[in-house]
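Q: Here it is: the structure, laid out below.
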There are 2 protein chains.
Amino acid sequence: MAIRPQARTDVNRSAILAHLGAHGPASRADLARALAVSPALMTQLTKDLIAEGLLLELEHSPSQGGRPARMLGLVSTAGRAVGVKVVADHVAFVEVGIDGTMVRSASEPFDASASTVLADLTMLLRRFIGGGGSAPLLGIGVGVPGSVDRQGNGLVDSTQLGWHQVPLGATLRRELALPVIVENNVNALAIAERLYGVGRQYENFLVVTIGTGVGAGIVVDGVVLRGSAGGSGEIGHIPVADDGPLCSCGNHGCLESFIGEASLVRVARGRGVIGQQSGISALRAAADADDAEATRIFSEAGHLLGRTLAGIVHTLDPEIVIVLGEGTAAWKHWSYGFEPALRSSLIPSRRGVAVAVETWQDESWAQGAAALVLATPFDADDVAGDQGRLVRERLVEQAAPQAGLEP
Amino acid sequence: MAIRPQARTDVNRSAILAHLGAHGPASRADLARALAVSPALMTQLTKDLIAEGLLLELEHSPSQGGRPARMLGLVSTAGRAVGVKVVADHVAFVEVGIDGTMVRSASEPFDASASTVLADLTMLLRRFIGGGGSAPLLGIGVGVPGSVDRQGNGLVDSTQLGWHQVPLGATLRRELALPVIVENNVNALAIAERLYGVGRQYENFLVVTIGTGVGAGIVVDGVVLRGSAGGSGEIGHIPVADDGPLCSCGNHGCLESFIGEASLVRVARGRGVIGQQSGISALRAAADADDAEATRIFSEAGHLLGRTLAGIVHTLDPEIVIVLGEGTAAWKHWSYGFEPALRSSLIPSRRGVAVAVETWQDESWAQGAAALVLATPFDADDVAGDQGRLVRERLVEQAAPQAGLEP
DNA sequence: TATTCTTTATTTAGTCCTGAACAAAGAGGT
DNA sequence: ACCTCTTTGTTCAGGACTAAATAAAGAATA
């Protein structure tokens, strides 16, 4: 319950770096206010960071009625991070700079059910890292569709991948000798939203993804809620009907079994909207072409999603719901059912909850995973544990040599 | 994001008091471990607290292989707190000692819809306080059925009471010149569970109340989740059907409109199980007497509750669900529907989630409210804001005179 | 132009807390 | 009886952080 001050300096140092990465250059006074520390401390800390080559002083910013601020910026060569998205049939990689911008990306076929998954993934990852830039690699973030017990441990359970207690984190860490942070992919996305997206302006929000599956990342007071065993946000398995299609989890009537991509395609085929070999893109094309049945399928899905999210909004009281995922490509069609269902199911005081739908890119999942690494400096509660400490150490150590601190 | 160390001493001092209140006497070494501070600091802090008359050294506890521990205990006369439960037609008061044990209680008729609510409540509260013991009154905790914007502010919105932005906290504080902490009643109960109940052993749990309404208190990492505007836990208004009875919130198909006390009674009357003038106790009596229709009504309610809670468990991943409230008197009958519905709706990895049903007393709501005051010392994140600080000050100030600290 | 105000940054003295060394007090084995 | 081990509690030097005073640098105003 009490506050542990031991790791404060480290946390504050890297909070500065993360803030600059997420929000761009800022003055010492800005930083002190943003991180809620005294200006005096900020002077001290930034002096060290500048001496170590991680920060540099930029131009003076024009005065706003007082002494003009000397802006501080990140030295962009101070580090990079790699993000990995793992799904059943392929893995995607991205490399990002310390400020979160994407440098390069790649995608490789992959069989998550192979007995050699861990060796395969290690190999692919090693190859991708090898082709990287010269900036020191701070760590690897891995996003998986499933629950991750302790992040520091990286034990993965995933029905989608067919994994049960797979020691992904420990293995990669040993093989690559780098900090590795494993996290549920939607939670990773929530962290990315918090750092770089709409979530910057909110402390309490919900990230909902639609696509193959349906998931949620929950941010409460600025921190991702992981639950007792990293299993929060499994909203795809919220029961929405007593009977219903069989879900991949073995139950009947889960939300995902109604509005997951597979279900939409199945229904569309059944109703003859698309051919037996066609997929979700054909259904979207049909809806785009104003096919009444196709738009109805999306609208029905939107209705069910809206009604379910109303329940979650009542439970958690977020400021905003951010919708993401491959499925947002057809959001226009979802929204006809979604908006009325959501609003009419909310109690009056909650009816105005904001909803944002963001554009989706192929690399978004992997970029979210990379954010895991770049977010660890923010991690005042030390959720990332040892791996977070290692990332911080790498960030500082690599810069020290060029500093010449010794007298 | 960074850690603010200013209020640490205060927080640590009162964390000691709260820990002793919640867990009974403990040694300095125990306290240092429990609060995650150094033994050195514990020595210092307890020295001060003993000198101020808030703590006293008890007998040595028998050695367990090393130097025997000198136990420390609270001076029980160091403070008391008053808890208030507000509902539409009456208010209930309790006075508790600093260790959370109930000293006395009272209940008064009350009209929440009167134009003079605030004056009425102030008067009743003043009368109750006047009859109290001699120990210094640390503050007043008030539990209301509705959402409370900022606790420090105490602005209440409640459909059940017909209140809209009622400045309950500010008014009581001004009139009584005491720290006042206003909170949603289920959240207050969750705090009480965390301090004194089953929740002591868990960091992530759900408190669900059934009775007139249906509500939830959510505890994440040991802290009550309040949402963006204190409106979390309104699970009574989760939509469970597209059509359904009209709910007090104006929507159709809310969970509460199916399994709230009023609904159960309405259905029972409609099916001729109980007389048109009879209430919930008659329905329970019928079920106790093995009336098939009566047991079915409870079982159906249990089914719906179980299915809905499965969704919340998927969303939040708690370790345990604690069921409380007036409705638990008939839990035996609920459980026939509840258990199968809950388990069969959960994904395999979550199927073992624990469920605890606690015995319910009339004073429980008010005792939960009193816990608001006694929990403020625990409040390292300073959620209670100014009022929390005031409680701490009163706890320390009142003891100072008898200490003779001045040299 | 001189004065006042506002905002930024640094220095200084002092507080809170920790780690490490040490003292205290018993259990358990020889 | 004596030594070793374990656990509790205290003392002390030092680090992290703050508040307050001060300096710096320009805007606003008269």
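The values are calculated or read from the model by the stated rules, or taken from the named source; none is laboratory data. Keep in mind the model is a prediction, meaning the values are calculated, not measured. In this analysis, Cβ positions are derived from the backbone assuming ideal geometry, glycine residues included, and neighbour counts consider all displayed protein chains. The area values use the complete protein model at the heavy-atom level, side chains included, leaving out ligands, DNA and RNA. Shrake-Rupley method; radii C 1.70, N 1.55, O 1.52, S 1.80 Å.
Q: Please go through (1) modelled with pLDDT of 95 or more; (2) open to solvent by 60 Å² or more (accessible area, probe 1.4 Å) for A:PHE338 and return the number of the only condition it doesn't satisfy.
A: Only one criterion in (1) modelled with pLDDT of 95 or more; (2) open to solvent by 60 Å² or more (accessible area, probe 1.4 Å) is unmet by A:PHE338, namely (2).
Q: Out of (1) more than 14 Å from chain B (Cβ to nearest Cβ); (2) at pLDDT below 80; (3) away from DNA strand C (no atom under 13 Å from the Cβ), what's the single condition that is false for A:ASN12?
A: All conditions are met except number (1).
Q: Can you give me the number of residues within region B:134-157 that are small (Gly, Ala, Ser) and either open to solvent by 40 Å² or more (accessible area, probe 1.4 Å) or assigned to a strand (DSSP E or B) (or both)?
A: 5
Q: Does region B:44-53 contain at least one residue that is within 13 Å of DNA strand D (Cβ to nearest atom), more than 24 Å from B:GLY222 (Cβ to Cβ) and basic (Lys, Arg)?
A: Yes, region B:44-53 has at least one match.
Q: Scan region A:323-367 for residues that are more than 14 Å from chain B (Cβ to nearest Cβ) and within 15 Å of A:ILE218 (Cβ to Cβ) and jot them down.
A: Across region A:323-367, the qualifying residues are A:VAL323, A:LEU324.
Q: How many residues does region B:18-31 hold that are within 14 Å of another protein chain (Cβ to nearest Cβ), at pLDDT below 90 and open to solvent by less than 60 Å² (accessible area, probe 1.4 Å)?
A: 5
Q: Is at least one residue of region B:77-99 of a type in the set (Asp, Glu), at pLDDT below 90 and within 11 Å of DNA strand C (Cβ to nearest atom)?
A: So far as region B:77-99 goes, no, none of its residues is of a type in the set (Asp, Glu), at pLDDT below 90 and within 11 Å of DNA strand C (Cβ to nearest atom).
Q: Open to solvent by 10 Å² or more (accessible area, probe 1.4 Å), closer than 29 Å to B:GLU358 by Cβ and free of Cβ contacts under 8 Å to residues at least 12 places away in the same chain: is that true of B:GLN160 in this structure?
A: So B:GLN160 fails the test.
Q: If I filter region A:235-256 for residues that are β-branched (Val, Ile, Thr) and away from chain B (no Cβ under 14 Å), do I get at least one hit?
A: No, region A:235-256 contains no residue that is β-branched (Val, Ile, Thr) and away from chain B (no Cβ under 14 Å).
Q: Residues of region B:35-48 being more than 11 Å from DNA strand C (Cβ to nearest atom) and within 13 Å of B:ALA69 (Cβ to Cβ), which ones?
A: Correct list: B:THR46 only.
Q: While we're on this one: Do we have any residue at all in region A:93-109 that's hydroxyl-bearing (Ser, Thr, Tyr), in contact with a Phe, Trp or Tyr (Cβ under 8 Å, 6 or more places away or on another chain) and surrounded by fewer than 24 Cβ atoms within 10 Å (Cβ to Cβ)?
A: Yes, because at least one residue in region A:93-109 is hydroxyl-bearing (Ser, Thr, Tyr), in contact with a Phe, Trp or Tyr (Cβ under 8 Å, 6 or more places away or on another chain) and surrounded by fewer than 24 Cβ atoms within 10 Å (Cβ to Cβ).
Q: Might you let me know whether region B:259-268 holds any residue that is farther than 26 Å from B:ILE320 by Cβ, within 13 Å of another protein chain (Cβ to nearest Cβ), out of contact with any strand residue (DSSP E or B) (no Cβ under 6 Å at 6 or more places or on another chain) and of a type outside the set (A, V, I, L, M, F, W, C)?
A: There is no residue in region B:259-268 that is farther than 26 Å from B:ILE320 by Cβ, within 13 Å of another protein chain (Cβ to nearest Cβ), out of contact with any strand residue (DSSP E or B) (no Cβ under 6 Å at 6 or more places or on another chain) and of a type outside the set (A, V, I, L, M, F, W, C).
Q: Being under 21 Å from the mean Cα position of the chain (by Cα) and in contact (Cβ under 8 Å) with a residue 12 or more places away in the chain: is that true of A:THR171 here?
A: Taking the combined requirement at face value, the residue does not satisfy it.
Q: Would you call B:HIS303 without any contact (Cβ under 8 Å) to a residue 24 or more places away in the chain, open to solvent by 10 Å² or more (accessible area, probe 1.4 Å) and within 14 Å of another protein chain (Cβ to nearest Cβ)?
A: Considered against the rule, which asks whether it is without any contact (Cβ under 8 Å) to a residue 24 or more places away in the chain, open to solvent by 10 Å² or more (accessible area, probe 1.4 Å) and within 14 Å of another protein chain (Cβ to nearest Cβ), B:HIS303 comes out as no.
Q: Could I ask something else about it? Give region A:198-221 a look and list any residue that's more than 19 Å from A:ASN184 (Cβ to Cβ) and of a type in the set (A, V, I, L, M), or say none.
A: A:VAL198
Q: While we're looking at this one, here's another question. When you go through B:PRO5, B:PRO62 one by one, which is the residue that is near DNA strand D (Cβ under 8 Å from one of its atoms), surrounded by fewer than 17 Cβ atoms within 10 Å (Cβ to Cβ) and at pLDDT below 80?
A: None of the other options fit; the residue is B:PRO5.
Q: Go through region A:179-211 and give me each residue that's surrounded by fewer than 24 Cβ atoms within 10 Å (Cβ to Cβ) and free of Cβ contacts under 8 Å to residues at least 60 places away in the same chain.
A: Hit for region A:179-211 is A:GLN201, nothing else.
Q: When residues of region B:309-322 are filtered for being assigned to a helix (DSSP H, G or I) and either at the interface with another protein chain (Cβ under 7 Å from one of its Cβ atoms) or over 22 Å from the mean Cα position of the chain (by Cα) (or both), how many remain?
A: 6
Q: Going through A:ARG33, A:ARG28, A:ARG67 one at a time, which residue ends up being within 12 Å of DNA strand D (Cβ to nearest atom), at negative phi and touching a residue at least 40 places away in the same chain (Cβ under 8 Å)?
A: Residue meeting the stated conditions: A:ARG28.
Q: Within region B:102-109, is even one residue farther than 28 Å from B:TYR196 by Cα and touching a residue at least 12 places away in the same chain (Cβ under 8 Å)?
A: yes
Q: Given the condition within 11 Å of DNA strand C (Cβ to nearest atom) and of a type in the set (A, V, I, L, M), answer yes or no: does some residue in region B:22-30 qualify?
A: The answer is yes; a qualifying residue exists.
Q: Considering (1) in a strand (DSSP E or B); (2) more than 21 Å from the chain's Cα centre (by Cα), say which one B:ARG126 fails and leave the rest.
A: B:ARG126 satisfies all of (1) in a strand (DSSP E or B); (2) more than 21 Å from the chain's Cα centre (by Cα) except (1).
Q: For region B:20-109, please list each of the strands (runs of 3 or more DSSP E) lying entirely inside it that holds at least 1 residues being under 30 Å from B:ASP120 (Cα atoms).
A: The qualifying strands (runs of 3 or more DSSP E) are B:80-86, B:90-97, B:102-109.
Q: Any chance you could count how many residues in region A:269-294 are within 16 Å of A:ALA329 (Cβ to Cβ), open to solvent by 40 Å² or more (accessible area, probe 1.4 Å) and either of a type in the set (S, T, N, Q) or touching a Pro at 6+ places or on another chain (Cβ under 7 Å) (or both)?
A: Of the residues in that region, 1 qualify.
Q: So how many residues does region A:65-92 have that are crowded, with 17+ Cβ neighbours inside 10 Å and within 17 Å of A:LEU137 (Cβ to Cβ)?
A: Residues meeting the conditions: 9.
Q: Go through region A:323-337 residue by residue and tally those that are in a helix (DSSP H, G or I), of a type in the set (Gly, Ala, Ser) and touching a residue at least 40 places away in the same chain (Cβ under 8 Å).
A: The number of residues fulfilling the criteria is 3.
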